[in-house]
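Please treat every number below as a calculation from the coordinates, not as lab data. Quick caveat: nothing in here was measured; it's all calculated off a predicted structure. Note that each Cβ is placed from the backbone with ideal geometry, even for glycine, and that neighbours are counted across all protein chains shown.
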Amino acid sequence: MIALVFGILGLIVGSFLNVVILRHRARMLGGRSACMSCGRTLRWYDLVPVFSWVALGGRCRICRASISVQYPLVEGMTGILFAFVGVALVPLFVNHGMATLFLLLDYLAIASLLIAIAAYDLRHTIIPDEWVYSCAFLALVSQFSLVPLQADPLSILIAGPLVAMPLYLLWFVSKGTWMGFGDVKLALGMGWLLGIQNGLLALFLAFIIGGIVSMPLLFFSSGAWRTIVAKFIPYHLWLTSGKGFTMKSEVPFGPFLIMSTIGVWFAVLSSIQLNFFFFL
Ligand SMILES: [Zn+2]
């Protein structure tokens, strides 16, 4: 029941996040949603999170232009995250009341920001400063609202910079070609959200996931692959198929960082009811 209520809340917040991601630095937030292709104003039944997209087969009802899979993905992911946070924290209300409410809202905001950052980074390979700094700040606040504190205040404070340090060095050494500075700021929030140990664990996992996903992308963008393919597919078809990646195609690291952060965060939240708030 808790999962259902929070899941639905997450779907609604997710569809709002889609609007924010789409219109950030592009248009004002106001105005009704319209099809990007034909400009037709969408009806309420076109805007039901996830379900409308699935029912319409990912196409506009009027002009049949395809609608980005980003919409249902962002909505679905937000729904899942909200359900998870709700299930982990709501049972604590019985004993801890207001403190739990504060942490719950803080966590829901962090979850929303993580999703928005991942989607925006995928679209534009850049992370908006105000989102990533808000995320880091809320993460730090969450650590100090856990009762009892999970570590001494000093280790809580240095967790962020410490987890960000490896990425900062990579960014510094490569002069920003291996790693964007946005990823460094993101890792700051990871450290504050998860603590030193789990933060470094999530960082490590991000490199593994990133490696597994990027390797085929890099391979298919290599000259060797293109020579092989050219033997079988006429080159002009290959170029127009739009399936090829060029060497320049930049794989953003932010989504991998966020994926691993969410994984580790979930693992911690699952065990949170056992040890957290234990001494109150
Ligand atoms: Zn349309």
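Tabulated values for the structure
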item: Ranked list, fewest to most other Cβ atoms within 10 Å of each Cβ, for Phe220, Phe84; result: Phe220, Phe84
item: In order through the stretch 251-262: 3J(HN,Hα) via Karplus (6.51 cos²θ - 1.76 cosθ + 1.60), integer Hz, x for Gly, Pro; result: 8, x, 8, x, x, 5, 4, 6, 4, 5, 4, 5
item: Ser68 paired with Leu146, simple spin-label distance in nm, labels 7 Å along Cα-to-beta-carbon; result: 3.4 nm
item: Cα→Cβ-extended label distance, 7 Å offset, between Trp44 and Leu169, nm; result: 5.7 nm
item: Under 13 Å, Cβ to Cβ, from Tyr168 - net charge with Lys/Arg +1 and Asp/Glu -1; result: +1
item: Extended-chain gain in nm, criterion 0.36 nm per residue less alpha-carbon gap, Ile8 and Gln197; result: 64.8 nm
item: Potential extension, Leu154-Ser134 segment - 0.36 nm per residue separation minus Cα distance; result: 5.1 nm
item: Relative exposure of Trp131, Trp265, Trp178, Trp171, judged by other C-beta atoms within 10 Å (fewest first); result: Trp178, Trp171, Trp131, Trp265
item: Footprinting exposure proxy for Val54, Val184 (fewest neighbouring C-beta atoms within 10 Å first); result: Val54, Val184
item: Residue-span extension gain [Ala34 to Met98] - 0.36 nm each, minus C-alpha spacing; result: 19.0 nm
